[in-house]
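Student: To start, I am sharing the structure in question, which I have written as structure tokens.
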Amino acid sequence: QLQLVESGGGLVQPGGSLRLSCAASGFTLGYYAIGWFRQAPGKEREGVSCIGSSGGGTNYADSVKGRFTITRDNAKNTVYLQMNSLKPEDTAVYYCAARAFRVCALPPTLYDYWGQGTQVTVSS
């Protein structure tokens, strides 16, 4: 059993912040690169950010650079996405995913294990 569970989503006003968590069970997260992805209704799933297995390398989509920060705590088997200065266009279901590689990448098709998603809604 390899499972990822996202949490921390909710409704927030523009300019607000949220921190998403991705907790792993059934495997050791430290051996996997982790990505955060999002999908809005009627749109393709897109990569938001990812982090290498050791935490040494990160990538961000241009749309979130400077606003979002990805971190991991392998001792807690958890990856986080801190989202600041949120915009209405950030509204989507956010997913975390894992792949058995040290380096991360943003294309969703490169990931094997997925969480169920958590809804983020940015609205006044």
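Student: Once you sort the root eigenvalues of the Cα gyration tensor of the chain as a ≥ b ≥ c, which label holds: rounded (a/c under 1.5), prolate (a/b larger than b/c) or oblate (the other case)?
Tutor: Here the chain falls in the prolate category.
Student: How much of the accessible area of the chain, in percent, comes from carbon and sulfur atoms when a 1.4 Å probe is used?
Tutor: On the way: 2970 of 6160 Å².
Solvent-exposed carbon and sulfur of the chain make up 48 percent of the total.
Student: Give me the number: length gained by fully extending residue 112 to residue 31, i.e. 0.36 nm times residue separation minus the C-alpha to C-alpha distance, one decimal in nm.
Tutor: Details: separation 81, 0.36 × 81 = 29.16 nm, distance 1.34 nm.
27.8 nm is the gain from fully extending residue 112 to residue 31.
Student: Taking R0 as 25 Å, what FRET efficiency do you get between residue 101 and residue 40 from their Cβ-Cβ distance, rounded to the nearest 0.05?
Tutor: 0.40
Student: Normalised by the number of residues in segment 63-115, what is the relative contact order in percent for Cα pairs under 8 Å and 6+ residues apart? Walk me through the numbers before you get to the answer.
Tutor: Values: 39 pairs, mean separation 13.5, N = 53.
Computed over segment 63-115, the figure is 25 percent.
Student: What percent does the relative contact order of the chain come to when contacts are Cα pairs within less than 8 Å and at least six residues apart?
Tutor: Values: 336 pairs, mean separation 45.9, N = 124.
Relative contact order here is 37 percent.
Student: Say the dipole of segment 1-113 comes from +1 at the beta carbon of Lys and Arg and -1 at that of Asp and Glu; which of 37, 97, 78 then lies farthest toward its positive end?
Tutor: The one lying farthest along the dipole's positive direction is 78.
Student: Could you order the peptides 114-120, 15-21 from most to least packed, using the average number of other C-beta atoms within 10 Å per residue?
Tutor: The packing order, highest mean first, is 114-120, 15-21.
Student: Pull up all non-local amide H partners of residue 16: gap of 5 or more, or a different chain, and H-to-H distance under 5 Å with H placed in the peptide plane.
Tutor: Counting only residues 5 or more places away or on other chains, the set is 86.
Student: For the chain, with only Lys/Arg (+1) and Asp/Glu (-1) charged at the beta-carbon, what is the dipole magnitude about the Cα centre, in debye rounded to 20?
Tutor: The dipole magnitude comes to about 180 debye.
Student: Something else about it: For residue 69 paired with residue 54, estimate the spin-label separation in nm (one decimal), with each label point 7 Å from Cα along the Cα-to-Cβ line.
Tutor: Each label point is offset 7 Å from its Cα along the Cβ direction, giving 2.2 nm.
The values are calculated or read from the model by the stated rules, or taken from the named source; none is laboratory data. Treat the numbers as computed from the prediction; the structure is a model and nothing was measured. Glycine also receives a Cβ, built like all others from the backbone with ideal geometry; neighbour counts cover every protein chain displayed. Keep in mind that these areas ignore ligands, DNA and RNA; they rest on the heavy atoms of the full protein, side chains included. Shrake-Rupley method; radii C 1.70, N 1.55, O 1.52, S 1.80 Å.
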